[in-house]
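Bear in mind that the values in this text are calculations on the coordinates, not laboratory data. On a predicted model such as this, the values are computed, not experimentally measured, just so you know. Neighbour counts run over all protein chains shown; Cβ positions are idealised from the backbone, glycine included.
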């Protein structure tokens with residue numbers, strides 16, 4: 001089950017890094033959203049699969065329902081910004097904050 005936990009952690013780190021990197025690289029909002037969307041769906045899917053794998057195969061991770069809900073929330077925010085063509089950085093900042101909360105759980109384990 002170490003592999004599933006590691007896959008979830010790597011997917012989350014890539015997802016959060018993909019949201020934060022354009023700020024560091026001084027990219028504008030027009031370049032920010034497509035990169036975030038391209039990373040969000042596969043990383044979010046990998047995280048959900050890993051979390052459910054951990055729940056049903058091994059001992060469930062701490063706060064499993066909340067973790068899964070936060071990943072789904074992040075995916076809903078990305079899907080909304082994609083469907084509505086939102087160019088604001090607010091959804092990215094919100095997703096980054098939620099992602100960092102999830103990373104704090106992994107840091108504690």
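Numbers at a glance
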{"item": "Likely footprinting exposure, 5, 62, fewest C-beta neighbours within 10 Å first", "result": "62, 5"}
{"item": "Sorted by Cβ neighbour density within 10 Å, fewest at the top, the residues 1, 47, 84", "result": "84, 1, 47"}
{"item": "Ascending count of other beta-carbon atoms within 10 Å, so fewest first, for 48, 102", "result": "48, 102"}
{"item": "Sites residue 109 and residue 68, calculated FRET efficiency, Cβ-Cβ separation with R0 22 Å, nearest 0.05", "result": "0.85"}
{"item": "The chain, relative contact order [Cα under 8 Å, separation at least 6], %", "result": "35 percent"}
{"item": "Sum of -39500 (n - 2.57) over DSSP H runs of 4+, divided by residues of the chain (222 nm, nearest 500)", "result": "-29500 deg cm²/dmol"}
{"item": "Förster radius 41 Å - calculated FRET efficiency between residue 84 and residue 13, Cβ distance, rounded to 0.05", "result": "0.90"}
